[in-house]
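The values are calculated or read from the model by the stated rules, or taken from the named source; none is laboratory data. Bear in mind the structure is a predicted one, so any value in this text is a computation, not a measurement. Cβ placement follows ideal geometry from the backbone for every residue including glycine, while neighbour counts extend to all protein chains displayed. In case anyone asks, the SASA skips ligands and DNA or RNA and just uses the protein heavy atoms, side chains included. Shrake-Rupley method; radii C 1.70, N 1.55, O 1.52, S 1.80 Å.
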Amino acid sequence: MNVSATDSAVLGFDPDALREKYRIERDKRIRPEGNDQYVEVSGDFSRYVDDPYVAGAISREPLVAEVEVAIVGGGFGGMLAAAHLKKAGITDIILIEKGSGFGGTWYWNRYPGASCDIESYVYLPLLEETGFVPRQKYTDARETLEYCELLANTYGLHDDALLQTQVLETRWDEKNRRWWVTTDRSDKIKARFIVHSNGPLNRPKLPGIEGIDRFLGHTFHTSRWDYAYTGGDSSGNLNRLADKRVAVIGTGATAVQCVPHLAKGAGRLFVFQRTPSSIDVRNNQPTDPDWITTQAPGWQDRRRTNFESLMSGVPVTEDLVGDGWTEAFRDLFGRLREQAPPKWRLALWAAQGLFSPRRRERGLKQYLIDRAMVYMDAAKKMELADFEKMEKIRARADSVVQDQSVAESLKPYYRQFCKRPCFHDEYLQTFNRDNVTLVDTEGRGVEAFTEKGVVVAGREYEVDCIIFATGFEVGTDYSRRCGYAVVGVDGLTVSEKWQDGMATFHGLHARGFPNSFFFGPIQSGFTATFTFALDENAIQTAYIIEQLKVRGLTRVEASNAAEKKWVETVVKKARLTEDFQKSCTPGYYNNEGHVQFKPQNTFYGGGPIEFFQIMKKWRAQGKLEGLELKA
Ligand code: NDP
């Protein structure tokens, strides 16, 4: 970008020096083994996925049943699917969930301080139908679970649910046009339709560090919090740790939320950091009941559409949510829009391409070059906005943390959306406490575990307990992550189908897997408000199943042509994020720094709002286009 000394003085930082610093910090962290640095939570490690929240084990005989729709997953996706199906009059449903209750990710992630960083008025779905008023702008784990229970009661889901039940296999039976679902309780369920809503961040991962099986103290993963050991609950008060020395491995979005509570409860807390998170202001507020109860009908959809429009660069005139997320995206896309050429210029470029073939070629070429320059320039402008934002984040560490070397360690040197941005008003402050030590591994990570503790840079930190805040598997095989096999026509498995890249129609259907609906962001609309995309998946699924019933049809499968065309659309629309991803510090967003960009393995690049409009139009046409239908 060649910024002069004067520009740097005006900006308060040198963009070239920062870019170089980001590169150095990223290079330090790239590990040749990529995703293989983590061990699978199976075999000796399977205790890490045991359910610590079971109030009482359910005892029941194996079930042999036939239903219209089987739904795998009792999180928001599964619940929304059931709710919309019921609203469409399809009530013969079974919902299979491995936890002891509803909630999915919120069932498992009830660590102290667990909270959703997306505003509750957009995050919690169906608020207008349930009449529920979230207590705060950002809801916490307890309230979210309460709300899941309310949804389950509102839509009568308890009667349809098989809890504490793990699906082992779903297999298509062409002769009978049914899915056979088998479970770890020897259930045999026959279903005409199946919905796979198993959650994208569902399988915990552990670092494959030397000696991980050697430590003799207590250990657990944040998504299976051991309150019997720590005391307290998701709101904190960890009153059994006062005489304990505790280690937390990891400083991602989860650690940021639980570390302040651990610091208050533990005798001594060591936070082992490989890469710091960006910590912006949270500023949670109680809900004004007068405001929420006087909103005009349709307010929630308008609000979440406004939020996601801002997040994906769709121009909107107002910002209804007004928080750290929208501010960041307003800044970034605001910069981008400053760069847009005037409309008359675009029209001229296009017109230039309409005359002679030569002019057409030159005009088009010029058009493409100019557009590319616009893009390049805009990208640089966005980078500048990002530098500015991250400088503020780093300055916040300086202003909050008293020890300047600790403050320096807590500063993230990468672009804001390389990792999940965090918003917290107590995390940085925690490092001013006498009982808390930040162990900055300077990008290398923990070296080894011993019988007594954790080793970094040759020094052993003796602890009683190690808590893994090391996240979840992303990018591994579909069946490994969801924990069951999906076997379609002629014995084809989803793992085989997608081994060289995703292929779906609308992200929901896959050729070879009739009568099944896959919920998730790939080749579909990706939203920061994950429940918004799940709601749209559920609306689409309920519409299709209802239509099949109305039309007397029993088999639906994406046509080859439709699937091929959709994959082409996804590839064409894929956002040019490869360079950005490559420049990022490693993490699950960029396959641990080993970017293997396959454009079809991404979200619908036109953004979620455009994707939802395509689905709406498709439904309005009423032709079920792209689907092969049989009576
Ligand atoms: P992450 O994958 O984001 O973080 C894992 C952490 O473990 C990172 O800090 C990572 O370091 C660290 N780590 C891994 N291996 C080692 C090692 N060998 N030594 C030291 N540290 C190590 O998982 P989280 O559970 O924090 O978050 C997962 C996702 O869950 C988030 O991205 C977000 O999408 C979601 N979430 C959402 C919340 C919300 O408010 N809605 C709250 C919490 C989570 P490094 O960064 O160097 O890889």
Point to revise | Global geometry of region 225-340, whether rounded, prolate or oblate, following the gyration tensor of its Cα atoms and the 1.5 cut on a/c | key: oblate
Revision key, fill the gap. Of every Cα-Cα pair in the chain, the percentage lying beyond 49 Å is 13
Point to revise | Between region 209-242 and region 312-330, the Cα center-to-center distance that results, in Å | key: 38
Revision key, fill the gap. Residue span ALA9 to ALA296: 0.36 nm per residue of separation minus Cα-Cα distance leaves a gain in nm of 98.4 nm
Point to revise | Evaluated at q = 0.12, 0.19, 0.22 Å⁻¹: base-10 log I(q)/I(0), Debye formula over Cα of region 1-133 | key: -0.82, -1.23, -1.35
Review point. Which of the GluC sites (Glu not before Pro) across region 397-500 are loop residues per DSSP, with 13 or fewer other Cβ within 10 Å?
Key: GLU451
Practice item. Quote the charge dipole size of the chain about the Cα centre in Debye, to the nearest 20; the model charges only the Cβ of Lys and Arg (+1) and of Asp and Glu (-1). Key: 2140
Check your understanding: Based on the Cβ-Cβ distance of SER235 and GLN166, what FRET efficiency does E = 1/(1 + (r/R0)^6) give at R0 = 30 Å, to the nearest 0.05?
Key -> 0.55
Check your understanding: Quick one: putting +1 on the C-beta of Lys and Arg, -1 on the C-beta of Asp and Glu, what dipole do you get for region 15-60 around its Cα centre, in Debye to the nearest 20?
Key -> 200
Review point. How much accessible surface does LYS630 have with a 1.4 Å probe, in Å² rounded to 10?
Key: 100
Check your understanding: region 521-599: percent of C-alpha pairs farther apart than 18 Å?
Key -> 63
Check your understanding: Under a plain spin-label model, where a point goes 7 Å from the Cα along Cα-to-Cβ, how far apart in nm are GLU20 and GLN429?
Key -> 3.9
Practice item. With θ set to phi - 60°, apply the Karplus curve 6.51 cos²θ - 1.76 cosθ + 1.60 along region 581-588 and write out the HN-Hα couplings as whole Hz, x wherever there is a Gly or Pro. Key: 4, 5, 7, 7, 4, x, x, 6
Review point. Which of the peptides 207-218, 272-283 is most tightly packed, and how do the rest follow, going by the mean number of other Cβ atoms within 10 Å of each residue?
Key: 272-283, 207-218
Revision key, fill the gap. Summing -39500 (n - 2.57) over every DSSP H run of at least 4 in the chain, dividing by its residue total and rounding to the nearest 500, the 222 nm mean residue ellipticity is -11500 deg cm²/dmol
Practice item. Tabulate in residue order the Karplus-calculated ³J(HN,Hα) for region 242-259, using 6.51 cos²θ - 1.76 cosθ + 1.60 with θ = phi - 60°, rounded to whole Hz; enter x for Gly and Pro. Key: 4, 9, 10, 9, 10, 10, 10, 9, x, 9, x, 4, 5, 4, 4, 7, 8, 4
**Study point:** Most to least accessible of VAL39, VAL401 (protein chains only, probe 1.4 Å)
**Key:** VAL39, VAL401
Exercise for review: Please give the per residue accessible area of the chain, computed with a probe of 1.4 Å over protein heavy atoms only, in Å².
Suggested key: 44
Study note, to complete from the structure: Everything considered on the Cα gyration tensor (a ≥ b ≥ c; rounded for a/c under 1.5, else prolate if a/b is larger than b/c, else oblate), region 203-250 must be described as oblate
Study note, to complete from the structure: A 1.4 Å probe over the protein heavy atoms gives region 506-549 a carbon and sulfur accessible-area percentage of 58
Exercise for review: Restricting attention to the chain, give the cysteines that have no other cysteine Cβ less than 4.7 angstrom from their Cβ.
Suggested key: CYS116, CYS148, CYS258, CYS422, CYS465, CYS482
Check your understanding: Which ³J(HN,Hα) values in Hz, rounded to whole numbers, follow from the phi angles of region 286-300 under the Karplus curve 6.51 cos²θ - 1.76 cosθ + 1.60, where θ = phi - 60° and Gly and Pro get x?
Key -> x, 6, 8, x, 5, 5, 6, 7, 10, 6, 6, x, x, 4, 5
Check your understanding: Just how large is the dipole of region 40-88 about the Cα centre, in debye to the nearest 20, putting +1 at every Lys and Arg Cβ and -1 at every Asp and Glu Cβ?
Key -> 320
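Going by a ≥ b ≥ c, the root eigenvalues of the Cα gyration tensor, does region 55-154 fall in the rounded group (a/c under 1.5), the prolate group (a/b larger than b/c) or the oblate group?
Oblate is the answer for region 55-154, as a/c is 1.5 or above yet b/c matches or exceeds a/b.
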Study note, to complete from the structure: A correct Stokes-Einstein calculation for region 385-537, using the alpha-carbon Kirkwood radius, 20 °C and 1.002 mPa s, returns a whole-number D in µm² s⁻¹ of 107
Exercise for review: Among the listed pairs LYS205/LYS244; LYS497/LYS565; LYS244/LYS264, give every one whose C-alpha distance is greater than 19 Å.
Suggested key: LYS205/LYS244
